[in-house]
Amino acid sequence: MNAQGRGRLARRGAAAAGLAAAAFVVWLLAVWPPPAWYRAHFPRETAFMAMRRGQETAAEAERRYTPVRLDQVAPAMRQAVLVGEDHRFYRHGGLDFVEMREALGYRRPEFRWADAADRAELGRALGRAFRRPGEIRGASTISQQLAKNLYLSPSRNPLRKLKEAVTAYRLEAALGKQRILELYLSVVELGPGIWGVEAASQAYFDRPARRLAPGQAALLAATLPSPLRANPALRPARIRWRQDLILDRMRNHPVPEPEG
């Protein structure tokens, strides 16, 4: 092949690579409705709700879902979810790199790309994570969980996780912390066919979410992240242990909420 032919081939390759990169960026950003829509609306159905359709038993077929404003949720319920799921919620921008570092097992006190020892330890931590992906827990923020619930799936595919991270940042930029928490508390799965804390409070305790007692709130928060296997109607030892842990954190290490 002459130089002219090689040049045409290189230009075609560059064009194809550019189109692939553009398609990938579009895929990363392609969610509907866009995050800003949720400033004034609750979803009629989330991606998780749609996924459950067809998986439900006859007893679960009637969906219980009643979205409510944040001021209609007991402070104890908000606190239980914050201390149980994301105690740094008000201090991160969608991804909690401190928790991610701990979840990966990165053992050094800080990280700098210029430090060879830091890079080596990061490589070892990532290697362990890829070999045992099922053991990585606890680094997913409420913003990421909301992104997953609204738009995505529970898959642990790395590309899906990347889209979750990008979408979490977009939700943070479009909505702010209090609206993210409000949406999350209204759509999170809390049992078979039960979505959001209002529906869960009515189903399990026969009371509205604004009247939840601390022990009840901690029990609902303890349902996460496996609401189909552990919930207030089905209480294995793990959920009772987690309820006690959340109650202790609520008393001794509460998460300060912004005023107003």
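Among the residues making up the range 4-39, those that are open to solvent by 70 Å² or more (accessible area, probe 1.4 Å) and either modelled with pLDDT under 65 or in contact with a Phe, Trp or Tyr (Cβ under 9 Å, 6 or more places away or on another chain) (or both) are GLN4, ARG6, ARG8, LEU9, ARG11, PHE24, TRP32. For SER226, the requirement of being without any contact (Cβ under 8 Å) to a residue 40 or more places away in the chain and closer than 26 Å to GLY94 by Cα is met. The helices (runs of 4 or more DSSP H) found wholly in the range 74-191 include none carrying at least 1 residues that are open to solvent by 40 Å² or more (accessible area, probe 1.4 Å), modelled with pLDDT under 75 and polar (S, T, N, Q). Within the range 232-260, residues that are without any contact (Cβ under 8 Å) to a residue 24 or more places away in the chain sit with their Cβ atoms under 7 Å from residues that are part of a loop (DSSP other than H, G, I, E, B) and open to solvent by less than 80 Å² (accessible area, probe 1.4 Å), at 6+ positions apart or across chains, in these pairs: PRO236/ALA230; ARG238/ALA230; ILE239/THR223; ILE239/ALA230. For LEU220, the conditions (1) within 19 Å of the chain's Cα centre (by Cα); (2) open to solvent by 80 Å² or more (accessible area, probe 1.4 Å) all hold with the exception of (2). Checking PHE48, PHE42 one by one, the residue that is assigned to a helix (DSSP H, G or I) and modelled with pLDDT of 90 or more is PHE48 and no other.
The values are calculated or read from the model by the stated rules, or taken from the named source; none is laboratory data. What you are looking at is a predicted structure, and each value in this text was computed from that prediction instead of being measured. Heads up, the Cβs are rebuilt from the backbone with ideal geometry, glycines too, and the neighbour counts pull from every protein chain shown. Note: accessible area is taken over every heavy atom of the protein model, side chains too, but ligands, DNA and RNA are not part of it. Shrake-Rupley method; radii C 1.70, N 1.55, O 1.52, S 1.80 Å.
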